[in-house]
Every structure is written in C-alpha cells, then in structure tokens.
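Below is one structure, written out as structure tokens, with a few remarks after it.
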Amino acid sequence: MGQVYFEDVNTGDEIPQLRKNCSTQQLVLWAAGSGDFYQIHYDKDFAQSTGLKGLIVHGALKNAFLGQLLHDWAGEAGSLRKFGCAYRGMDEPDQDIICRGVITKKYSEGGEHFIELDVWTEKPDGTKTSPGTALVTLPGRG
Amino acid sequence: MTQAQNSVVTDEMRAAIGVEGSPATLEVEKTNCRMFARAVGHTDPIYYDEAAAKARGHRSIVAPPGFFGTPIFRPGAPPQGPTGGRGFNIPYKRVLNGGTDYEYFPDEDSVCAGDTITARTKITAFEETEGRLGPMLITKRETTYTNQRGKVVAKMYGTVIQY
Amino acid sequence: MAEVFEITDEVKAQFGVETAPWVYEVTTTSVRMYARGIGSTDPIHYDVDFAKSQGFRSIVAPLGYVGTPAFSPETNDATFGFPRRQGGARLNLPMKGLLDGGTETEYFDYICAGDTLVETSHLADVKVKGNMVFVTNESVFKNQATGQVVAKQRLTSIHLG
Amino acid sequence: MAEQTYYEDVKEGQELPEIKIAPDKQQLVKFAAGSGDFNPLHFDEKFPMLKAMGIPDNITHGRFKYAQVGRAVFAFAGYKGRVKRFGVSYRGMDFINQTITVKGVVTAKRQEGGENIVELDVWTENDEGKKTTPGTAVVALPSRG
C-alpha cells in the first residue's frame, strides 16, 4: 500500500477499515502476548461462573486492533502520537469486529502535520463497542 | 471532588492520589515484540524482522502500538505498582476495564527490542457516579514509561470501573 | 487393507535432507514465561542475579525449552509457531489427527537467556502401525555466537489416517 | 531450591522426589504462551479435531509432561550437575485438571571419561498408576571428593 499524505486527506474522510474475527486461539495468543491470563477470555465455564454469557474478547486487544488500524493507515512515514478507546460493549469470539476511523480535524504545527480521528470498533449490526480518538502525523507532499 | 452521601472513597484513598507506586521494569525483546504482534495480527515486518526494521531506520524490531515490554516476573512476588484501586477495600464486587489511552513522546526512535522501560503508575482521580448498574467508583490511573536513556517515551491513561 | 502411508523409495530418499537454518531465541522474558508455563518456582529460571551467583551466564532455560523460533506470519505456522522454511523432507502425510509421540533432548551445554541458537533439522525415521504414522525429526541446535552444538532433539509426531 | 546431590550419595533403586501437578486451563494456556504451541486441542473444548479423534476433553500437552519430567531431573542434578540427555514417549493421554505425578528411580551409576554418570528411569503416571509418559535420563553429578 502506498504512503498517505497530509494534503490528500480531509475532515470527514473514513480511513480503510480493518476487520477482525477472534477465535479462542487468538484470545489465548493475546493472553500470551499481553501477559493477561484472566480466564474469562478462554475458559467458558469460568466466564459463566462470573455471570457472563460466555467468553469475551479482551478490551485491550480491541485497543491494540485500533493501533494496527492506525499504524497500517499512517504508513512508513506517518507516526502514531495518541490513540485509545473506552470499553463500552462486549465482543464475543467468532464474531466480526470492524475497526474504523474517521478524520475529525487536520492542522499543521511546528513543522508537523497532524490528523485527529475518531476511531472505534463495531459489531456487524453497527453497535460501537470501543469508541475512542487518535492523533497521527502524516508526511506532507511539500 | 464533591463527597457523595454514601461515598466509598476513604481518607486513605484520597491520600493515595498522585502518589507513584513502586516502579516496574519492563523488558522489550525481539521475542516478546513478535509475540505481541502475532497476537494482534500485525502484518508489518518491522514488528517481526530486524533487517526490515533497520532498513526503515529503526534500531531493531519495533514494539507494536500499546506494547512497552514484559514486566519481570517472579513467582509469588507481589504485583508492582498500584493495582488500579483494586488494592483498597472497596465494597463493590465487580471490576471493569473502562478504557485505555496511549500518548507517545517519540525519542530519537520508537520503542525497540533491546530497550528497558521503567513504568511508574499513580492514581490521578476517584470519581463516583450512579449509573445503570447502580453506584460506581471510577479510578483514573496514569502510567509513565521511561526508557533506559531517561526519556519519557509514552504515557498510558487508564480507567477502572468498580460497581 | 492398504496402509495409510507407504514408505516408498521416494520417502526414503528424504531421510537426512537438511532444512535451511532457523533462529531460536532464548531471552529473559521467554525463559520466565516458559518456567511459568510449567509451574516452576526455582529462582534459577527467574532471577538473573541469583543465576549468576550460581555460576551461570544468566537465567537457565528449563529442561525441554530450547528457545522460541523467530516468528513472522509469512514464514511460521500460525498455530505451532514453527518455521515453514526451505529444504527438508516433503511428505504427504495423513492429517485426520496429529499427536505428539515422544521427545528426547541431548544436551552438550546449558541453555541460558541471551543465547541465540541456530537450528537445522532433518527427517530421521518413518514407521507405520495400522492407521498411525510415526514421523521422527532430528534437530541440531548450535550457539550462533560460538558455533558449538548445544543440543540435539528428536521429536516424534503421530499422524492419524 | 533442592540440596545438591553428590555422586557418592546416590544408590541404585533410589527414588526421586515426586512432583504432582493438575494443570487447569490457565496453566495450559500459560504453557502455550511459554512454548509458542497454540494448538487449540489443549484449551478449546469446541475444537473440531477433538471430536474427530474421539477425545472427550482438552488434553495436556505432551511437551508439558516432558517439561514436568525435566523439572524432576533438573532438581535431581542440582545446579552443579549436568543433564546430558532425557527423553520420553507419550503412551497415554492426560486430561486437563487431572493430576499427573512425576516419578523417577536411579537405575545405574558409573564413572566414565572422568564423569560421574547416573542413569534414571523417569515417568509421569496418572491417578490409576498408569505410566502415561515413560522415559529415561542420563545425568552427570559432582563428586564430594
């Protein structure tokens, strides 16, 4: 994929979506990668004993998905300055999680080109489960 | 902060606001960067391949977004740093992770394999609300990540909800 | 009844064919994670200063752990993490089921955090018993810095047809 | 940390201290993390291969049992001993949450090439006493001399 430049994007633009679907295996991989071994993410009986319907996707994994969404979009010459989200809704394994971002502001300051975005994960029915914001720098064509 | 009528915030908790916990040492290595990237599903080779990362101007494999290394683990050792309000005697049973925000302050390079990061966490606020789920305590935390050159490379702002 | 797998001359010709080398890393975090994974509490696997006080270079890899293969989604198996690399045997094995048959490790030195090992492997044996195919691969692990052979490992997998 | 074992003190027929462990799902997930083997056979009860192979529950990794045998052998050799070889074969399945007991016994001792060699039979067994992971090990021990 080619590099995206500051001049080529506008407020209101949506960036390319990233679609995820977590198997139980991926949740176990995340436990390994993050060091969070809480059983509600891979042990169904344990999850149900805490009052959940079943396994749920780690909030921090959805946060990291948004990190990937932004990194892949900003490209080699872009950089990630801020990103994050709140955990408002639960996602289950084996169900699509769509990661999205829309540009809310662009400005240049101190020789750098900044892009502000709203980012979030949503379910296939459009429910936003992890709304957040991000600040990214992009290169200029200049 | 206004004192709610049935506040669960004690004097001990108020005194803990702004106090940094014991620092945690995080090791950033090629192996754990790759493991984290594998778990997320990253495809950019700078998270896996040292030669690819160097070709793009980095010192080594890059720590993926949201990764600052693995805390040194010792069996039976108490967890390092404040535990986000879980350490206090709160009369609520349930805990939710409310959200996480990262802010980066780039050093001469991104966080890379070979770096040692010191993480220091403090509670910045307690907030109490009455929500759909009943009374809630919201604990706000801030973690500062400092690299081996003494440079603050990132901060994390986290929210823990108890109800 | 036909065998689920036939040891043809073509199969025999693949015995001993070496794979391209692959890097296995042994790091402080990977040693600790493995030691946690087996439930060990021996400080020799966790505490660098303690391990050095006992005469080791760094924390010691628990027996059975020979490092983590350098992973990339393009080159490694998503489930098992092992490299899908060039060379080595190519067998069309049945895959209705897959079980571990046995593991044997011969050590020529301790493996410690900080070591980088270079591994090559080859097919050493194939046996068929009923619907089970026993496939044994032999790996040699060399220290990348010194070239010294530090371990040899024989892994037997059972393919169910 | 166990006391160092010395060659002179070892007798044929001597038993190794037992290790007992009943790995729960979290333990097997931590082992997946440590080993890099994320085969769902070990933690996902819905994994289709379990049903296809007629296996009733998640099974403990063979390599986990190998590593438990390794713990016993390493503890026997001590920090001054050297483990020269250890191997097992996987003869029976052990299931998640079931106890496995690691046992070992000294089968031979001899001095060879300036080394104090001790041979061991090592294995894991289940609660019915069935050896599910039989194996052998060769260890070089320090001398009191």
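Data for the structure
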| read-out | value |
| --- | --- |
| Qualifying positions in the stretch C:64-78 - among the aliphatic types (A, V, I, L, M) and under 13 Å from C:V26 (Cβ atoms) | C:V66, C:A70 |
| Unmet requirement for C:F141, which otherwise passes all of (1) aromatic (F, W, Y); (2) more than 8 Å from chain D (Cβ to nearest Cβ); (3) out of contact with any Gly (no Cβ under 8 Å at 6 or more places or on another chain) | (3) |
| Checking B:P75 against (1) over 16 Å from C:S30 (Cα atoms); (2) facing another protein chain (nearest Cβ under 7 Å); (3) in a loop (DSSP other than H, G, I, E, B), the condition it does not meet | (1) |
| Residue in the stretch C:34-45 that is of a type in the set (K, R) and either within 7 Å of chain D (Cβ to nearest Cβ) or in contact with a helix residue (DSSP H, G or I) (Cβ under 9 Å, 6 or more places away or on another chain) (or both) present | yes |
| C:A51 vs. criteria in contact with a Ser or Thr (Cβ under 7 Å, 6 or more places away or on another chain) and either under 18 Å from D:Q4 (Cβ atoms) or part of a loop (DSSP other than H, G, I, E, B) (or both) | yes |
| Extreme residue, nearest to D:A140 (Cα to Cα), among residues of the stretch D:4-36 that are more than 8 Å from chain C (Cβ to nearest Cβ) and assigned to a helix (DSSP H, G or I) | D:Y7 |
| Subset tally (residues that are more than 14 Å from chain D (Cβ to nearest Cβ) and of a type in the set (A, V, I, L, M, F, W, C)) for the stretch C:82-96 | 3 |
| Considering residues of the stretch C:46-59 that are charged (D, E, K, R) and within 14 Å of chain B (Cβ to nearest Cβ) only, the residue farthest from B:R74 (Cα to Cα) | C:D49 |
| Lone qualifier among C:V23, C:V4, C:V11, C:V31 - being at pLDDT below 95, outside any loop (DSSP other than H, G, I, E, B) and either surrounded by fewer than 21 Cβ atoms within 10 Å (Cβ to Cβ) or facing chain D (nearest Cβ under 10 Å) (or both) | C:V11 |
| Residue match in the stretch B:81-104 (condition: on the phi < 0 side of the Ramachandran plot, under 14 Å from the mean Cα position of the chain (by Cα) and more than 8 Å from chain A (Cβ to nearest Cβ)) | yes |
| Options C:T68, C:T105, C:T79, C:T116: the member that is more than 10 Å from chain D (Cβ to nearest Cβ) and under 30 Å from B:I61 (Cβ atoms) | C:T116 |
| Residue check for B:A52: surrounded by fewer than 18 Cβ atoms within 10 Å (Cβ to Cβ) and over 19 Å from B:T118 (Cα atoms) | yes |
| Unique match (being crowded, with 21+ Cβ neighbours inside 10 Å, under 24 Å from C:T29 (Cβ atoms) and of a type in the set (G, A, S)) among A:G35, A:G84, A:G67 | A:G67 |
| Test: residue in the stretch D:59-79 that is within 11 Å of chain C (Cβ to nearest Cβ), assigned to a loop (DSSP other than H, G, I, E, B) and at pLDDT below 95 | yes |
| Any hit, the stretch B:107-114, residues being outside any strand (DSSP E or B), touching a residue at least 60 places away in the same chain (Cβ under 8 Å) and in contact with a Phe, Trp or Tyr (Cβ under 8 Å, 6 or more places away or on another chain) | yes |
| Condition check for D:T99: surrounded by fewer than 18 Cβ atoms within 10 Å (Cβ to Cβ) and more than 9 Å from chain C (Cβ to nearest Cβ) | yes |
| Residues being buried (at least 18 other Cβ atoms within 10 Å of the Cβ) and either in contact with an Asp or Glu (Cβ under 6 Å, 6 or more places away or on another chain) or in a loop (DSSP other than H, G, I, E, B) (or both) - total across the stretch A:38-53 | 2 |
| Residue list for the stretch A:71-81, restricted to those being more than 11 Å from chain B (Cβ to nearest Cβ) and either surrounded by fewer than 18 Cβ atoms within 10 Å (Cβ to Cβ) or not small (G, A, S) (or both) | A:W73 |
| Among (1) within 20 Å of C:A70 (Cβ to Cβ); (2) buried (at least 17 other Cβ atoms within 10 Å of the Cβ); (3) of a type in the set (V, I, T) - the single one C:V126 does not satisfy | (1) |
| Neighbours by Cβ (under 7 Å, 6+ apart or cross-chain): first from the stretch B:35-49, touching a residue at least 24 places away in the same chain (Cβ under 8 Å) and more than 7 Å from chain A (Cβ to nearest Cβ); second part of a helix (DSSP H, G or I) and surrounded by 24 or more Cβ atoms within 10 Å (Cβ to Cβ) | B:A37/B:Y47 |
| Residue satisfying all of: in the stretch B:19-34; at pLDDT 95 or above and assigned to a loop (DSSP other than H, G, I, E, B); farthest from the other protein chains (Cβ to nearest Cβ) among these | B:V28 |
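Yes or no, residue by residue, for (1) buried (at least 16 other Cβ atoms within 10 Å of the Cβ); (2) of a type in the set (K, R); (3) closer than 22 Å to C:W22 by Cβ:
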{"position": "C:Q54", "(1), (2), (3)": "no, no, no"}
{"position": "C:R57", "(1), (2), (3)": "no, yes, no"}
{"position": "C:Y65", "(1), (2), (3)": "yes, no, yes"}
{"position": "C:F80", "(1), (2), (3)": "no, no, yes"}
{"position": "C:A89", "(1), (2), (3)": "yes, no, yes"}
{"position": "C:K152", "(1), (2), (3)": "yes, yes, yes"}
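The values are calculated or read from the model by the stated rules, or taken from the named source; none is laboratory data. Note that the coordinates shown come from a computational prediction; the quantities given were computed from them, not determined experimentally. Note: ideal-geometry Cβ built from the backbone for every residue, glycine included; neighbour counts use all protein chains shown.
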